[in-house]
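*Asks:* Can you read through this structure? Questions will come right after.
The values are calculated or read from the model by the stated rules, or taken from the named source; none is laboratory data. Note that the structure is predicted; figures quoted are calculated from it, not measured. Counting neighbours? That spans all protein chains shown, and the Cβs are built from the backbone with ideal geometry, glycine included. Heavy atoms of the whole protein, side chains included, go into the accessibility calculation; ligands, DNA and RNA do not. Shrake-Rupley method; radii C 1.70, N 1.55, O 1.52, S 1.80 Å.
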Amino acid sequence: MSDQSRRPSKPGKSYRRPKKDPVRMLAFDALRAVDERDAYANLVLPPLLRKAREKGDLDGRDAALATELVYGTLRRQGTYDAILAACVDRPLREVDPPVLDVLSLGVHQLLGTRIPSHAAVSATVELARVVLGDGRAKFVNAVLRKVAQSDLDGWLERVAPPYDEDPEDHLAVVHSHPRWVVSALWDSLGGGRAGIEDLLEADNERPEVTLVARPGRATTEELLGEEAAAPGRWSPYAVRLTEGGDPGAVEAVRDGRAGVQDEGSQLVALALANAPLDGPDERWLDGCAGPGGKAALLAAVAAERGAALLASEKQPHRAGLVARALAGNPGPYQVIAADGTRPPWRPGSFDRVLMDVPCTGLGALRRRPEARWRRRPEDLDGFAPLQRGLLRTALESVRVGGVVGYATCSPHLAETRAVVDDVLKQYGGAELIDARPLLPGVPALGDGPDVQLWPHLHGTDAMYLALVRRTA
């Protein structure tokens with residue numbers, strides 16, 4: 001940036017150096033990392049916050065505001081883009097990405113927080129002066145003053161098409177999801193306006209931090225001793241940090257005796273572990289184990305029963321994360337780096353097999369809001385052969401009478417029932433088990449035999465589970 005851009009345009013006018021606001025600077029840096037490097041906010045933000053705390057730039061309240069600015073801006077990006085498009089005199093794609101990030105931060109402060117309008121505009125313009133220069137700061141100021149002329153509801157009336165004319169596009173703009181994602185989620189829910197609106201709203205809410213007490217290593221009673229902790233809703237091993245909280249400050253988490261794990265993921269692992277089977281129950285497999293949360297829970301449950309877990313993960317660095325998650329497990333286990341579609345183990349080697357397959361991740365949009373803008377419908381075609389191949393491997397790896405759990409963190413029908421139906425038609429010697437009784441106390445599980453969890457109904461990620469018993 002040239003010095004010229006920072007000099008006053010009028011002779012004799014004193015120049016004021018822009019003041020750096022550490023909260024908004026940090027939020028801007030996080031958004032740039034997400035945009036430039038395809039990073040995920042949940043991976044980028046914690047080290048930025050930690051570094052700022054160490055330097056004394058942020059306290060706890062500042063960190064909470066920075067977190068809200070980043071996640072709120074990412075979640076509402078689609079809505080804010082529609083509003084900005086109405087306030088900018090050229091297509092948004094022609095606006096430099098750093099400028100658009102600053103504008104989006106400003107719009108979120110104006111329309112998505114309780115920050116007074118004058119403070120939201122002035123703070124954002126000051127940020128623009130620091131990171132963009134005076135010239136583009138004037139552009140930011142002009143655009144945000146237009147945005148500030150109405151509240152969010154007023155803007156939505158202007159920029160969202162009427163529901164009766166185009167329901168999917170209306171929901172996409174109002175609830176900030178790509179249209180194709182709205183359509184896919186609606187299909188999975190089975191219709192009805194109330195349900196899809198509740199789901200999309202839930203996707204835009206900040207999820208609670210949920211811990212898992214790994215059996216034999218930690219207890220929920222220990223975790224409930226933490227500040228603002230409450231029991232999980234469904235899993236006997238879950239504890240929620242109801243005011244956010246830093247899981248890294250929990251001793252059991254630091255020691256690996258407990259972990260951070262969504263309750264939906266816990267339920268999937270426990271349903272497989274508790275599925276009825278005939279014969280021995282000694283060898284379990286997690287065939288897509290990275291990064292290790294479900295494997296750690298399965299290994300702990302297996303240890304209590306005298307069973308051993310083999311955790312397999314294709315990517316060596318992710319296999320390392322699995323090994324770290326399982327370190328200290330009280331019973332026998334093994335971690336290997338192997339391709340689940342070309343397994344090194346013999347067919348029929350296991351009594352229970354979990355295949356939590358790679359997918360679009362549309363079930364975790366609360367936690368990774370930027371994923372909704374990166375995924376494309378054509379991504380489904382890329383995952384489809386892998387998902388079917390992994391389920392076939394799982395069925396070949398389990399013994400006759402054993403049970404396979406097919407899981408995805410996506411509710412998209414192309415990644416859930418379509419995969420299971422196709423593979424079972426081809427495979428023959430397998431049958432679906434009703435998974436619903438294995439999630440005791442959990443309501444609204446549908447007609448079965450498979451299970452789809454939902455953020456708006458269960459407070460979990462949208463995990464899918466089908467349980468399959470090999471019969472021949």
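*Asks:* Return the only residue of Pro411, Pro377, Pro385 being farther than 28 Å from Thr210 by Cα, part of a loop (DSSP other than H, G, I, E, B) and modelled with pLDDT of 95 or more.
*Replies:* Answer to the check: Pro377.
*Asks:* Filtering the stretch 215-229 down to residues that are small (Gly, Ala, Ser) and within 20 Å of Leu326 (Cα to Cα), which residue is surrounded by the fewest Cβ atoms within 10 Å (Cβ to Cβ)?
*Replies:* Residues of the stretch 215-229 that are small (Gly, Ala, Ser), as a first pass: 216, 218, 225, 228-229.
If we keep only those that are within 20 Å of Leu326 (Cα to Cα) as well, we get 216, 218.
Details: Gly216: 15, Ala218: 24.
Among those that are small (Gly, Ala, Ser) and within 20 Å of Leu326 (Cα to Cα), it is Gly216.
*Asks:* Go through the stretch 420-472 and give me each residue that's within 22 Å of the chain's Cα centre (by Cα), of a type in the set (Ser, Thr, Tyr) and not in a loop (DSSP other than H, G, I, E, B).
*Replies:* Scanning the stretch 420-472 gives a single hit, Tyr464.
*Asks:* While we're on this one: Check Val209, Val253 and return the single one that is under 22 Å from the mean Cα position of the chain (by Cα) and closer than 29 Å to Arg372 by Cα. Lay out the reasoning, then the answer.
*Replies:* On the way: Val253 fails: closer than 29 Å to Arg372 by Cα.
After applying the criteria, what remains is Val209.
*Asks:* Given (1) free of Cβ contacts under 8 Å to residues at least 40 places away in the same chain; (2) loosely packed, with under 15 Cβ neighbours inside 10 Å, identify the lone condition not met by Gly232.
*Replies:* Here Gly232 meets the rest and fails (2).
*Asks:* Could you tell me how many of the residues in the stretch 171-188 are over 17 Å from the mean Cα position of the chain (by Cα) and of a type in the set (Val, Ile, Thr)?
*Replies:* Of the residues in the stretch 171-188, 2 are over 17 Å from the mean Cα position of the chain (by Cα) and of a type in the set (Val, Ile, Thr).
*Asks:* Right, another one. May I ask you to list the residues in the stretch 102-126 that are open to solvent by 10 Å² or more (accessible area, probe 1.4 Å) and closer than 17 Å to Lys20 by Cβ?
*Replies:* Listed by number, the residues that qualify are Ala119, Ser122, Ala123, Val125, Glu126.
*Asks:* Would it be correct to say that Leu199 is outside any helix (DSSP H, G or I) and either in contact with a helix residue (DSSP H, G or I) (Cβ under 9 Å, 6 or more places away or on another chain) or surrounded by 15 or more Cβ atoms within 10 Å (Cβ to Cβ) (or both)? Don't jump to the end; show me each part of the working.
*Replies:* Values: outside any helix (DSSP H, G or I): no; either in contact with a helix residue (DSSP H, G or I) (Cβ under 9 Å, 6 or more places away or on another chain) or surrounded by 15 or more Cβ atoms within 10 Å (Cβ to Cβ) (or both): yes.
No.
*Asks:* Of these, Leu241, Leu272, Leu326, which one is open to solvent by less than 40 Å² (accessible area, probe 1.4 Å) and closer than 22 Å to Arg470 by Cα?
*Replies:* Numbers: Leu241 fails: closer than 22 Å to Arg470 by Cα; Leu326 fails: closer than 22 Å to Arg470 by Cα.
Answer to the check: Leu272.
*Asks:* State yes or no: is Pro369 touching a residue at least 60 places away in the same chain (Cβ under 8 Å) and surrounded by fewer than 16 Cβ atoms within 10 Å (Cβ to Cβ)? Write out each step before concluding.
*Replies:* Working: touching a residue at least 60 places away in the same chain (Cβ under 8 Å): yes; surrounded by fewer than 16 Cβ atoms within 10 Å (Cβ to Cβ): no.
So Pro369 does not fit the description; no.
*Asks:* Please verify whether Tyr464 is more than 23 Å from Val209 (Cβ to Cβ), of a type in the set (Phe, Trp, Tyr), at pLDDT 95 or above and open to solvent by less than 20 Å² (accessible area, probe 1.4 Å), treating the condition exactly as stated. Reasoning before the result, please.
*Replies:* On the way: more than 23 Å from Val209 (Cβ to Cβ): no; of a type in the set (Phe, Trp, Tyr): yes; at pLDDT 95 or above: yes; open to solvent by less than 20 Å² (accessible area, probe 1.4 Å): yes.
Here the answer is no, as Tyr464 does not meet what is asked.
*Asks:* Also, quick follow-up: Would it be correct to say that Asp351 is within 25 Å of Ala275 (Cα to Cα) and surrounded by fewer than 24 Cβ atoms within 10 Å (Cβ to Cβ)?
*Replies:* Values: within 25 Å of Ala275 (Cα to Cα): yes; surrounded by fewer than 24 Cβ atoms within 10 Å (Cβ to Cβ): yes.
It is true that Asp351 is within 25 Å of Ala275 (Cα to Cα) and surrounded by fewer than 24 Cβ atoms within 10 Å (Cβ to Cβ).
*Asks:* Search the stretch 68-79 for residues that are open to solvent by less than 20 Å² (accessible area, probe 1.4 Å) and pair each with any residue that is among the hydroxyl-bearing types (Ser, Thr, Tyr) and assigned to a helix (DSSP H, G or I) when their beta-carbon atoms are under 8 Å apart and the residues are at least 6 apart or on different chains.
*Replies:* Close Cβ pairs (under 8 Å, with a partner that is among the hydroxyl-bearing types (Ser, Thr, Tyr) and assigned to a helix (DSSP H, G or I)) amount to Thr73/Tyr80; Thr73/Ser104.
*Asks:* If the Cβ limit is 6 Å and pairs must be 6+ apart or interchain, which residue in the stretch 408-420 that is farther than 18 Å from Arg376 by Cβ pairs with which residue that is among the basic types (Lys, Arg)?
*Replies:* Val419/Arg388
*Asks:* Is there a residue being more than 30 Å from Pro377 (Cα to Cα), in contact with a Gly (Cβ under 8 Å, 6 or more places away or on another chain) and free of Cβ contacts under 8 Å to residues at least 24 places away in the same chain anywhere in the stretch 240-254?
*Replies:* yes
*Asks:* Scan the stretch 202-240 residue by residue and report those that are touching a helix residue (DSSP H, G or I) at 6+ places or on another chain (Cβ under 7 Å) and under 11 Å from Val260 (Cα atoms).
*Replies:* Val209, Thr210, Leu211, Val212, Ala213, Arg214, Ala238, Val239
*Asks:* Give the stretch 414-438 a look and list any residue that's open to solvent by less than 10 Å² (accessible area, probe 1.4 Å) and either in contact with a strand residue (DSSP E or B) (Cβ under 8 Å, 6 or more places away or on another chain) or closer than 17 Å to Ser265 by Cβ (or both), or say none. Even if it seems obvious, please write down each step before you answer.
*Replies:* The initial filter retains those residues of the stretch 414-438 that are open to solvent by less than 10 Å² (accessible area, probe 1.4 Å), namely 415-416, 419-420, 423, 435.
Across the stretch 414-438, the qualifying residues are Glu415, Thr416, Val419, Val420, Ala435.
*Asks:* Can you name the residue in the stretch 202-214 that is out of contact with any strand residue (DSSP E or B) (no Cβ under 7 Å at 6 or more places or on another chain) and assigned to a loop (DSSP other than H, G, I, E, B) and is also most open to solvent (accessible area, probe 1.4 Å) among such residues? First the steps, then the outcome.
*Replies:* Let us first name the residues in the stretch 202-214 that are out of contact with any strand residue (DSSP E or B) (no Cβ under 7 Å at 6 or more places or on another chain), namely 202-207.
Among the residues that remain, those that are also assigned to a loop (DSSP other than H, G, I, E, B) are: 204-207.
Details: Asn204: 22, Glu205: 107, Arg206: 149, Pro207: 27 Å².
If we take residues in the stretch 202-214 being out of contact with any strand residue (DSSP E or B) (no Cβ under 7 Å at 6 or more places or on another chain) and assigned to a loop (DSSP other than H, G, I, E, B), then Arg206 is most open to solvent (accessible area, probe 1.4 Å).
*Asks:* Count, please, the residues in the stretch 91-101 that happen to be surrounded by fewer than 18 Cβ atoms within 10 Å (Cβ to Cβ) and in contact (Cβ under 8 Å) with a residue 60 or more places away in the chain.
*Replies:* 2
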